[in-house]
Amino acid sequence: MKFPDQGEVFSAKNKKYQDLVFLVPPYRSTKKKLQAHIELINNLGFDVFTFKVDDELSLWNLPITANLEIGFQHRIAEQIENLLNLFDRHKIVFAFGELSGAAIDAIARRHANDVKGLVCEGGPSDDLIKTAVSSFRHDRHRSLLTKVLHGPAFTLLWNPTFKNPLAENLKKLPEGFKILSVRGWKDRQLSASDIDAVFESHSHLDWRKLSLPTAGHLEGLKKSASEYSSGLEKFLEELARS
């Protein structure tokens with residue numbers, strides 16, 4: 001089957017579970033950069049699906065949804081929702097960085113229908129501007145002026161209302177919905193306490209932490225492979241059907 005948005009299923013050679021791990025890539029990343037994650041999850045016995053995030057901006061491709069919501073956060077959430085609808089099987093969503101918020105939005109839109117759990121690595125944050133400014137501040141390839149301007153500009157394009165719907169979307173998730181929050185203690189874009197603040201007030205969720213002391217932003221598998229792999233395996237097997 002040919003999937004939209006350059007979507008692709010990577011099948012496990014030794015398939016142990018019926019569930020599909022639905023990978024939402026980091027912003028402006030590629031499938032190639034997720035190869036290590038795909039191989040890890042395949043080796044655990046799961047099929048994996050991933051795709052190209054619709055993050056292009058032009059006069060012909062403005063960040064507007066079919067329901068006339070404005071901003072990349074809503075458009076990417078709509079994209080994730082549409083792709084989830086293509087699979088008539090249980091899914092476990094795995095999202096990275098700021099796209100964790102868009103993934104939560106998409107799951108909430110579908111009332112978590114056939115989504116059994118969520119892995120969030122390096123996010124989400126409930127402070128859009130702070131996270132955007134931190135992200136650009138630590139980018140060595142940008143000038144100081146560009147760093148100063150890009151934080152607010154990115155936030156405006158991401159969600160022009162500057163109102164993060166994260167808390168409301170988390171409230172919509174069902175009682176006991178399972179979330180694994182992966183964070184690196186050396187993350188300079190957002191701290192572990194920033195991530196904790198997102199989940200702590202939602203007592204109906206069954207969420208737990210995977211803390212990696214030596215890892216920076218989205219560096220878990222690279223810097224702490226053993227802890228990362230064992231923590232992810234334990235969580236996925238808790239949710240999966242053999």
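Here are the numbers for this structure:
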item	result
In Hz, Karplus ³J(HN,Hα) per residue of region 188-193 (6.51, -1.76, 1.60; θ = phi - 60°; x = Gly, Pro)	9, 8, 7, 8, 4, 5
Carbon plus sulfur fraction of accessible area for region 1-117, probe 1.4 Å, in percent	51 percent
Peptide ranges 42-48, 3-9 listed from the most packed, as the mean C-beta count within 10 angstrom indicates	42-48, 3-9
Members of Lys116/Lys171; Lys15/Lys171; Lys33/Lys171; Lys2/Lys223; Lys171/Lys209; Lys91/Lys209 lying beyond 23 Å, as alpha-carbon distances in this model show	Lys15/Lys171; Lys33/Lys171; Lys2/Lys223
Cα centroid of region 109-128 to Cα centroid of region 169-219, whole Å	10 Å
Proximal aspartates and glutamates relative to Lys178, as straight alpha-carbon distance under 16 Å, when same-chain residues fewer than 8 apart are discounted	Asp19, Asp105, Asp114, Glu121, Asp196, Glu200, Asp206, Glu233, Glu237, Glu238
Percent carbon-and-sulfur accessible area, region 182-232, ignoring ligands, DNA and RNA, probe 1.4 Å	48 percent
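The values are calculated or read from the model by the stated rules, or taken from the named source; none is laboratory data. Remember, it's a predicted structure, so these values are computed and weren't measured experimentally. As a convention, Cβ positions derive from the backbone with ideal geometry for all residues, glycine included, and neighbour counts pool all protein chains shown. Just so you know, the surface numbers come from the protein's heavy atoms only, side chains and all, with ligands and any DNA or RNA stripped out. Shrake-Rupley method; radii C 1.70, N 1.55, O 1.52, S 1.80 Å.
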